[in-house]
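Here's the structure, in structure tokens; my notes come after.
Coordinate-derived values only; no laboratory data. In this text the structure is predicted, and so the values were computed from the model without any measurement. Here the Cβ positions follow ideal geometry from the backbone for every residue, glycine too, while neighbour counts run over all protein chains shown.
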Amino acid sequence: MPNLFDSFEWSRPAGGLTLPNRVVVAPMCQYSARDGCANDWHLAHWVSLLNSGAGWVMIEATAVTEEGRITPGCLGLYNEATAHALNDHLQRARRQAPPVPVCLQLSHAGRKASSAEPWNGGGLIGVSDGGWHTVAPSALPHAAGESTPAALDAAGLERICQAFVASAKQAAAMGIEAVELHAAHGYLLHEFLSPVANHRTDQYGGNFEGRIRYPLQVFAAVRQAYEGVLGMRISASDWVENGWTPEETADLAWHLRQAGADFVHISSGGVSPQQKIAIGPGYQVPFARMAKQKSGLPTIAVGLITDPAQANQVLANGDADLVALARAFLYNPRWGWAAAAALGGEVTANAQYWRCLPPGTGRIFGDIHVGMR
């Protein structure tokens, strides 16, 4: 059975990608950009994550258009300024850390765009208060009392699809090794999947085949233009009656494999304030197992996985191929080191850190240790 500190490899025509271990830092919105541009907060944040011992670091939801940002503070990759800022701060962060593969999550927030930061209430910001008009599959607000988004027409669908393509190409030019399309947490691609948010009567709505059509079109367009490792994050359940289901998620994962996907990343929820989530340790892991078994794709499990032994058991059970954590890395920026110590694994660290381990920890660094005179 695979171990958390076994490597993982994809082979692709563009050269493939090898992860040194199976610990993934999941994307975490920081709501700290200015006009979509990364800044010194992101520099410090990325340096920390790249030094965490994880084998793969995913950068937060990054908007492919200006109106696709979740909040005014969200990261973007949609013009020269945002591209320069992201590339500059990421390259500087990578120079201060061991070589760790990076994945960029590309997103459009749909009807959940123009929202306030969580610490400012998180609700929709009106246009008169500095917000902007939102778009969605259907003219249905996310929550009662919020303004109604505009239903996307054919031109709007094509514009956003090409924005995903353009952002993926820019990511490749920056040397970012992988891209994840965000189809979870109630954002635009998830809105198309879910019958809660998608009431269209054209080819992009109605039954399962109609609702998956646009997300698959976006994926296919990016796949054609982008040779690197490419996957999708999916909310496996809306946690509401008559919503998107785990079974549909598994079927979508199968379709993604046929379209050339390299992985799926299984989360849940976010499309409706009426959701009733059965939260508990590893509560989304069964969804990951369903997607993996149906599709055969490399699968990432995430969601209240906090303990190294728990993470390792997910792999040992065959529930997933990789395990992602998010806020656990904010609380303990060296979670990967602690996991290596607990499980007998090895991680890579900068030489400045080689002498930091508490007595009795044992060797976890794969580097050559140096003594102190």
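Helix 80-95 and the long axis of the chain differ in direction by around 20°, with both axes built from C-alpha atoms. Ranked by how many other Cβ atoms sit within 10 Å of their own Cβ, fewest first, the residues CYS74, CYS356, CYS29 fall in the order CYS356, CYS29, CYS74. Across the chain, Cα pairs under 8 Å and at least six residues apart give a relative contact order of 16 percent. Per residue, the chain reaches -10000 deg cm²/dmol at 222 nm when only DSSP H runs of four or more residues are counted, each adding -39500 (n - 2.57). What percent does the relative contact order of the stretch 260-373 come to when contacts are Cα pairs within less than 8 Å and at least six residues apart? Once divided by the residue count of the stretch 260-373, the mean separation gives 19 percent.
Applying both filters, DSSP loop and at most 15 other Cβ atoms within 10 Å, to the trypsin sites (Lys or Arg not before Pro) of the stretch 277-358 gives ARG355. Dipole orientation for the chain: of the candidates LEU230, PHE365, LEU43, PHE365 has the Cα lying most toward the positive pole (charges on Cβ; Lys, Arg +1; Asp, Glu -1). Look at the dipole of the stretch 8-353 built from charges on Cβ: of PRO27, VAL218, PRO141, the Cα furthest out on the positive end belongs to PRO27.
Peptides 341-351, 222-232 ranked from most to least packed give 222-232, 341-351, packing being the mean of other C-beta atoms within 10 angstrom over each peptide's residues. Of all beta bridges that DSSP places with both ends in the stretch 8-353, some 15 percent have antiparallel geometry.
The packing ranking of peptides 163-173, 202-212, highest mean first, is 163-173, 202-212, where packing means the average number of other beta carbon atoms within 10 angstrom of each residue.
Here the stretch 8-353 is assigned +1 on the Cβ of each Lys and Arg and -1 on the Cβ of each Asp and Glu. Its dipole about the Cα centre then comes out at about 440 debye. 3J(HN,Hα) along the stretch 233-244: 9, 10, 7, 6, 8, 7, 6, 9, 5, 6, x, 5 Hz, from the Karplus curve 6.51 cos²θ - 1.76 cosθ + 1.60 with θ = phi - 60°, whole Hz, x for Gly and Pro.
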